[in-house]
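Below is one structure, written out as C-alpha cells, with a few remarks after it.
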Amino acid sequence: MTDATPALAPATSTRVTPAFLVGATLVGLHVVVGLLTLIWTPYDPTAMTGGRLAPPSLAHWAGTDRLGRDLFTEIMVGARIALSVGIGAVAIASAIGVTVGLLAAFASRTVDDVLAATLDILIAFPTLLLAMLIVAASDGASLGTAILAIGIASSSIVARLTRILARRVLAMDYITAARVSGTGWLGIVRIHVLPNIWPTLIVNFALQFGLAVIAEASLSYLGLGAPPPNASWGRLLQEAQATVYTAPFGAVAPGIALVSLVIGLNLFADGLRDVADPTRRRR
Amino acid sequence: MSLVDLTAVSFAYGRGRTVLDGIDLRIEAGRNLGIVGESGSGKTTMLRLLLGLARPSSGQVSFRGAPLDPGDRSFMRGFRRAVQAVFQDPYSSLDPRQKIADIIAEPLRSLKIATDVEAAVTEALASVDLPLDAASRYPHEFSGGQRQRIAIARAIVSQPELVLADEVVSALDLTTRIRIVELLKALSAKTTLVLVSHDIGFVALLCQDLVILEKGRIVEQGAARDILSAPQHPYTQRLLESTPRLPEFA
Amino acid sequence: MGNLLTIENMSIRHTGRLLVSGVSLSVTAGERVGLIGESGSGKSLTALAAIGLLPEGMTAEGSVLLADRQVIGAADRDVVGLRGTAVATIFQEPLTALDPLMRIGDQIAEVLRRRARRDGRSVSRADVATEVSALMARVALPDPVRLARAYPHEMSGGQRQRAAIAMALACRPSLLIADEPTTALDVTTQAEVLRLLETLVREENMGLLFISHDLPVVGTAVDRVLVLRAGELVEEGPVAEVFGRPRHPYTVGLVEAARAFDQAIGAAL
C-alpha cells in the first residue's frame, strides 16, 4: 500500500467508468503484445518472409512491407518500442519535472518567478520541435536519443504542474502544523506534498505517455527516431507513405496500432482522474 | 519561569507595511494567556513569531531565556517539543491522505522523541476523548469538532509545556465549541495555553492573562479579571461593548 | 395584505434524503424573525427555498408564499420577479454577491435602473447618481463619493457588507432575508452592521428573516425566534421566552453554552 491509495478507498465509492475499462483494456493489450515480442513473434521481424507489398492474408495478417517483411510482426515489435519510449520519456520527464517543480514551489519568491517564467517559455515551444532540436544537437538518431529528447522536452509541462499542485498543498495548515511538529522540508515533501499531488500527477503521466508515443512516431516519421531496422510505427508510416495509393494497408495497420494505444492511454488517464482525483477533501 | 518572551519585537513585510510594532510579551508557565485582536491586529503574525515560523524584523524572540536560533538544530528540537500549536481550520490542518495515527505521531517521529509511538498516540486519543479505532481512519471520516480534537491530540502528544491555539473554536458550532473549551480547560492542568482569538468570551473562559492587540500594538495587557472588569483603553472598551451577549430575561 | 412570507409544512429533499422536514414560519411587515441552527440544521436551505433558489437536485414540498405568490413548483421566471422586489437577500460573504469587476456605485445604480425599468419609469443619470449617494449614506458608508468608485476588493469586509445591504435596499424590498450577515465580520464591525440593520428595518417597516448560528447575535437582532435542528423546528417563540425559559433540551444546551461564554466576560463586569 502506498501513501496514495488510502484516500482513494473509502467514503466515495471508487467509480470505474466503462471508458476507463476500455482504456485499460487497449493499453493492456499493447503491453501484452509488446512483452510477447520479447519471446515470440509470428516471423522474424527483419526477415523477408513473403512477396513485397503483399496485401493482408492468412499468412500475413497485415500484409508485408516493400522488403517483404511481415507487417504484423513489425507492428507488434513497434508496440514494444512505443511502450519503451513512453515509459522512458515519462520517467525522464517526471524525474526532471517533479524535481524542478518542487524546487520552484519551495524556492524564494525571486527564484520561483525566474523558474516559472523559464517554464512558461519552454512550454510555449511544441514538445516535438524541442525534441527535434535536442536530437539534432546530439550525435545521431537512436532510440535512446529519442527517449531522452522527448523526456526532456515534456519535463517542463510536468514541472509546471508539479509547481502549481505543490504550492496549493504548501498553503494548507497541515504544512504549518508539520513545521511546528519539527518536520523538515524533505519530510514535508515525502510525507505531505508527494502523497497529495501524486494522484493528479499520475493522471498527467498517463497523458504524457500518449504524447510521447505520438512524439516518437513523429520523430521516426521525420527520420529522427529509432533508425532501421527498429520497427517504430512512425517509420512504418513513413515507409508506407510512398506506396499509400498502391498498398494502403501498409499505412492503415500501424495507424490503427498508434491511434488505439493513444486513445487507450487517454481514456485510461480520464478514468484515473475520476478514480484518483483528490477533490473531495471535505467530509 | 518564562517560557517564551518577545522583547521589543517588530515585524514588517519587506520595506512596506509594519504588522507588529514594539511588542513586549512574556509567556509564563502555568498562566494561560489570551491574545485578543480583530483582523489586521497582527495576531496571526504574532503567533507565527511565537512559533518560530517567522523571524522578527527587529527585537528578539526567546525560549527559556535563550534567543531562538533556527540554525541550532538541537535547540530548535527542544523548542518544538515544548511549544506546539492548534490551528483554526480543522479541515485544512489535517493531511487528508494520512491516517489519524500518523497525523498524531508526526511530532514524535519528526522530533525523534524516543517513546512508544503507538502507546503515546493511544494516550493522546484518550485525552481528547476520541475512540481508539480513530487511529486507523482518515480525516474525512470525522466532523469539524472531532477533527479539532485530533489536531489537539497532535499538539499534546509530545507533552509540550506550551500549546498555542489559533482561533481554534471559530469554525465550530456552539455546542461543539463549549466541549472543546472543556477539553482545553482539562488540558491546561498539564500545559500552558496561549489562545489567539477575536472572541473575547472564549478567551476569557480559559485565560488568566489577556493581551489586547490593535493595529500591531498592544493597547492593554494584564490580568483578565482586571481588564474585563475595568477596561482602560478605549479600544478594549469598544471591543467589550460590541461583543454580543444574550439579553438577560428575568 | 397578509404575511410577507408564509412557509407552511415545507420539506426539502435531496436524492430521497430529508434535509428539512415540515418547517412552518411566517414574517409580517415590521417583524423581525430569527432562524437559529447549527451547521447542517437546514437553516440556509430554508432561506434558499423561500426565494426559490434551492441548489440543483433538491426539491421542496409544502407551501412557500412569498408576497402571496406560491414559490414551490413555480417556474423560475415567475419567481425572478419577486427576488429584488418583494424580497432581497444578503449573505455571509458579501464578495459572492458583488461583481468583482464593477465599481460599487455602478452595481447599486444597476439595481436602481432595473427597478425603474420594471416600474416602467425612466430615470435620468443624475437621479440615479443622487439615489446611489443617498443609499450609500443610508448604510453609513464613509465618503460615498470616493467609495462609489471603488471595486469590491478595495473595500473592507464591513464596507462590502454595507454595500451589499445598500444594493438590497435599492430594491425597496418589503422583506429582507439576512443569512449569517455578520459572521465574517469583526466584532466591532458586527455591532455596527447589526445596529444598521435594526435601524433600516424599523424605518422602512420591512420584515426581517435573520438566519444565524450565533445566539447572542440573533438575540439582539430579532423579536421572535425559531430553533432548527437537523431539519426540524424544535422550539419557537418570542426571544425572551425561548432564550429566557428554553423548553426543548437542545435549546437549553445552546442557551447554556452561550451563557457560559457571556458569563466569562460578564461575571467580571
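Readers should treat all values here as calculations from the given coordinates under stated rules, not as data from a laboratory. Quick caveat, the model's predicted, so the values are computed rather than measured. No Cβ is skipped: glycine too gets one built from the backbone with ideal geometry, and neighbour counts run over all protein chains shown.
At a glance:
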read-out	value
Relative contact order, percent, chain B [alpha-carbon distance under 8 Å, six or more residues apart]	26 percent
Inter-centroid distance (Cα atoms) of region C:24-59 relative to region A:132-181, Å	50 Å
Over region A:130-243: Kirkwood hydrodynamic radius from C-alpha pairwise inverse distances, Å	16.4 Å
Distribution of pairwise C-alpha distances over chain A, 5 Å bins, in %	1, 6, 11, 14, 15, 14, 12, 9, 7, 5, 3, 2, 1, 0, 0
Principal-axis tilt of helix A:109-124 within chain A, Cα atoms, nearest 10 degrees	20 degrees
Modelled FRET efficiency - R0 51 Å, C:Glu256 with B:Arg64, Cβ distances, 0.05 increments	0.80
Close Lys-Lys pairs in the protein assembly as shown, where close means Cα under 26 Å and separation is 8 or more or interchain	5
Relative contact order for region C:99-172, counting Cα pairs under 8 Å that sit 6 or more residues apart, in percent	48 percent
Inter-label distance for B:Glu241 and B:Asp133, nm, one decimal - labels placed 7 Å from Cα along Cα-to-Cβ	5.5 nm
Rounded Å value of the spacing that divides the Cα centres of region A:56-128 and region C:189-246	63 Å
Dipole of the protein assembly as shown [Lys/Arg +1, Asp/Glu -1 at C-beta], most positive-end residue of B:Val181, B:Pro160, A:Ala215	A:Ala215
Value of Rg to Rh for chain B (Rh from inverse mean 1/r over Cα pairs, i.e. Kirkwood)	0.97
log₁₀ of I(q)/I(0) at q = 0.14, 0.17, 0.26 Å⁻¹ - region C:99-172, Debye sum with one point per alpha carbon	-0.38, -0.55, -1.22
For A:Ile150, A:Ile121, C:Ile104, order by how many other beta-carbon atoms lie within 10 Å, fewest first	A:Ile121, C:Ile104, A:Ile150
Table column - 3J(HN,Hα) (Hz), region B:224-236, Karplus curve with 6.51, -1.76, 1.60, x for Gly and Pro	4, 4, 5, 5, 5, 7, 9, x, 8, 7, x, 5, 4
Of the trypsin sites (Lys or Arg not before Pro) in region C:130-184, those whose Cβ has at most 14 other Cβ within 10 Å and which sit in DSSP loop	C:Arg149
Centroid-to-centroid separation of region C:130-168 and region B:128-152 [C-alpha atoms, Å]	43 Å
For chain C, diffusion coefficient by Stokes-Einstein and Kirkwood Rh (Cα), 37 °C, 0.692 mPa s, µm²/s	170 µm²/s
Chain lengthening between C:Arg77 and C:Arg114 when straightened (0.36 nm per residue, less Cα-Cα)	11.8 nm
Whole-number percent relative contact order across chain C, with pairs defined as alpha carbons under 8 Å at least 6 apart	26 percent
Paired Rg and Dmax values of the protein assembly as shown, which use every Cα atom, in angstrom	33.1, 107
Burial ordering of C:Ser122, B:Ser2, fewest other beta-carbon atoms within 10 Å first	C:Ser122, B:Ser2
Surface/4 estimate of mean projected area, convex hull on alpha-carbon atoms of region B:83-222, nm²	8.7 nm²
Candidates B:Gln237, B:Gln159, B:Gln146, ranked by Gaussian network fluctuation over chain B, Cα under 10 Å, top entry	B:Gln237
Residue of C:Glu110, C:Glu31, C:Glu256 that the Gaussian network model of chain C assigns the largest fluctuation, springs spanning Cα pairs under 10 Å	C:Glu256
Paramagnetic reach from A:Arg109 (point 7 Å along Cα→Cβ, amide N under 15 Å) across region B:7-23	B:12-19
Dipole axis of the protein assembly as shown (+1 Lys, Arg; -1 Asp, Glu on Cβ), positive-most option in B:Thr7, A:Ser232, A:Leu102	A:Ser232
Least to most buried among B:Leu94, C:Leu197, C:Leu53, A:Leu129 (fewest other Cβ within 10 Å first)	A:Leu129, C:Leu53, C:Leu197, B:Leu94
